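Notes for the one structure printed next.
The values are calculated or read from the model by the stated rules, or taken from the named source; none is laboratory data. Keep in mind the model is a prediction, meaning the values are calculated, not measured. Neighbour counts run over all protein chains shown; Cβ positions are idealised from the backbone, glycine included. Note: accessible area is taken over every heavy atom of the protein model, side chains too, but ligands, DNA and RNA are not part of it. Shrake-Rupley method; radii C 1.70, N 1.55, O 1.52, S 1.80 Å.
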Amino acid sequence: MRHLGILGHSTEGAALCFRAFCQRGFRELGEHQHPDVTLDCIALARSMPGWDSGDHAAVRGVLAESVRRLAGAGSEFFVCADNTAHMALEAPGEPLALPGLHLPDVVAARAARDGRRRVGVLGTRYTMDGPLYPTALGRLGIEAAIPESADRALIHRTIFDELLNGEIEAASQEAFAAVIGRLAERGCDAVALVCTEIPLLVTPEMSPLPLLDSTRLLADAAFEVAVGRASFPAWRGGPVQPPG
């Protein structure tokens, strides 16, 4: 089995990805069994000035440092359990120390397998306003839809004020369900939870639309690679090349 490295840019999402990966092993490989996994996390505070100023190269430097540490710990490939971070990972630069899975493509592939045509996107304002998901979904002929401005502000504020701190508020659950409902009214046939903390708040039972849970989808994709059931990744950062 291959040794996975998890790049933990934000702690709650990385912890959920780590737990989901190990639990998949418990279910399929036997009690207490899972492929080797190492989690590395440089404090998000190191990267926030870069996010706030749009300096993706600076953020990429921090993320690359974490990937180097994962390689030094024996990891053979990595995942980054943070959607927004992929904006920086896609920035031009030296190849990363390990090959990795590209999270937006993992989510888009599942949307395509499920036959989705228009997917709502919930994440940080950087992700919702950026090109990650329109590009990844668009490569597979799927339209991305983002919430209206006021809803985007609510989502971003909830992520940073509550979810990144491990706080789950009932009022926020109701507010997110209402946002998803409005996306359903606009013709979305699924909603992608593309901040890896949002699945801590939004569950399938409360959602008006089927969920694409980026955190658990990434953990499952990593598990398939680790046990040899999926192709070993080749991407080492930088722009993602379209298929073909």
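Sort the range 39-79 into rounded, prolate or oblate with this rule: let a ≥ b ≥ c be the square roots of the eigenvalues of the Cα gyration tensor; rounded if a/c is under 1.5, and if a/c is not under 1.5, prolate when a/b is larger than b/c, oblate otherwise.
Working: a/c = 3.29, a/b = 2.34, b/c = 1.41.
Prolate shape, in that a/c is at least 1.5 and a/b is the bigger ratio.
Report, in degrees rounded to the nearest 10, the 0 to 90 angle that the Cα long axis of helix 11-29 makes with the longest principal axis of the chain.
Between the helix axis and the principal axis of the chain, the angle is about 70 degrees.
Relative to the first principal axis of the alpha-carbon coordinates of the chain, what is the inclination of helix 149-161, with its axis defined by its Cα atoms, in degrees from 0 to 90 and to the nearest 10?
40 degrees
Give the whole-number value, in cubic angstrom per residue, of the convex hull volume spanned by the C-alpha atoms of the range 125-178.
92 Å³
When the chain is modelled as a GNM with alpha-carbon springs shorter than 10 Å, which of Asp52, Asp129, Asp151 fluctuates the most?
Asp52
Can you tell me, using C-alpha contacts under 8 Å and at least 6 residues apart, the relative contact order of the range 84-186 as a whole percent?
Working: 81 pairs, mean separation 25.8, N = 103.
Relative contact order, the range 84-186: 25 percent.
Loop-only trypsin sites (Lys or Arg not before Pro) in the range 165-223, please: DSSP not H, G, I, E or B, and at most 13 other Cβ atoms within 10 Å. Could the numbers behind the result be given before it?
Numbers: sites: Arg182, Arg186, Arg216; in loops: Arg186.
Qualifying residues, ordered by number: Arg186.
In nm, to one decimal, how far is the Arg117 label point from the Gln173 one, both placed 7 Å along Cα→Cβ?
It is 3.3 nm.
Could you tell me the center-to-center distance, by alpha carbons, between the range 130-155 and the range 1-51 in angstrom?
If you average the Cα positions of each part, the centres end up 25 Å apart.
What distance in nm separates the simple spin-label points at Leu140 and Val227, each placed 7 Å from Cα in the Cβ direction?
My value for the distance between the label points is 2.1 nm.
Give me log10 I(q)/I(0) at q = 0.20 Å⁻¹ for the range 1-103, Debye formula, one equal scatterer per alpha-carbon, no solvent.
Those come out to -0.96, one per q.
Taking N as the number of residues in the range 106-227, what is its Cα Rg relative to 2.2 N^0.38 Å?
On the way: Rg = 13.6 Å, N = 122, 2.2 N^0.38 = 13.7 Å.
Compactness ratio reported: 1.00.
Which residues does the label zone of Gln33 cover in the range 210-244, counting backbone N under 17 Å from a point 7 Å along Cα→Cβ?
223-229, by backbone N distance to the label point.
Mind putting a number on the dipole of the range 1-106 about its Cα centre? Charges go on the C-beta only, +1 for Lys and Arg and -1 for Asp and Glu, and I need it in Debye to the nearest 20. Provide the component values of the computation, followed by the final result.
On the way: 8 positive and 13 negative charges, 38 e Å.
Magnitude of the dipole: close to 180 debye.
Give me the orientation-averaged projected area of the Cα convex hull of the chain, in nm², one decimal. Before the final figure, lay out the partial values.
On the way: hull surface 50.2 nm².
Result: 12.5 nm².
Place a +1 charge on the Cβ of each Lys and Arg in the chain and a -1 charge on the Cβ of each Asp and Glu, then give the dipole magnitude about the Cα centre in debye, rounded to the nearest 20. The partial results should precede the final answer.
Details: 22 positive and 30 negative charges, 135 e Å.
Computed about the Cα centre, the dipole is about 660 debye.
Go ahead and set up a Gaussian network model of the chain, Cα springs under 10 Å, then flag whichever of Val119, Val106, Val191 fluctuates most.
Greatest mean-square fluctuation among the candidates belongs to Val106.
Using only alpha carbon positions, build the gyration tensor of the range 110-155, then give the equivalent ellipsoid semi-axes as the square roots of 5 times its eigenvalues, largest first, whole angstrom.
Numbers: eigenvalues 84, 22, 11 Å².
Sorted largest first and rounded, they come to 20, 10, 8 Å.
Which value, in debye to the nearest 20, gives the size of the charge dipole of the range 197-244 about its Cα centre, when Lys and Arg are +1 and Asp and Glu are -1 at the Cβ? Could the numbers behind the result be given before it?
Details: 3 positive and 5 negative charges, 52 e Å.
Charge dipole, the range 197-244, about its Cα centre: 240 debye, nearest 20.
Hey, any idea what % of the range 2-53's accessible area is carbon plus sulfur with a 1.4 Å probe? Walk me through the numbers before you get to the answer.
On the way: 1220 of 2500 Å².
Of the solvent-accessible surface of the range 2-53, carbon and sulfur hold 49 percent.
Skip the ligands, DNA and RNA, and give the accessible area per residue of the chain with a 1.4 Å probe, whole Å². Please report the intermediate quantities before stating the final value.
Details: 10300 Å² over 244 residues.
So the chain comes to 42 Å² accessible per residue, rounded to a whole number.
From the residues Gln241, Ala222, Ile180, which one has its Cα farthest along the dipole of the range 131-244 in the positive direction, the dipole being from +1 and -1 charges on Cβ of Lys/Arg and Asp/Glu about the Cα centre?
Gln241
Please list log₁₀ I(q)/I(0) at q = 0.31 Å⁻¹ for the range 70-122, using the Debye equation with identical point scatterers on the alpha-carbon positions.
-1.27
Please report the carbon-and-sulfur percent of the accessible area for the range 122-164; probe 1.4 Å, protein heavy atoms only, DNA, RNA and ligands left out.
Working: 900 of 1740 Å².
Here it works out to 52 percent.
Can you figure out the FRET efficiency of Arg46 with Gln23, using R₀ = 22 Å and their beta-carbon distance, to the nearest 0.05? Could you put the intermediate results ahead of the total?
Details: r = 29 Å, r/R0 = 1.34.
E(calc), rounded to 0.05, equals 0.15.
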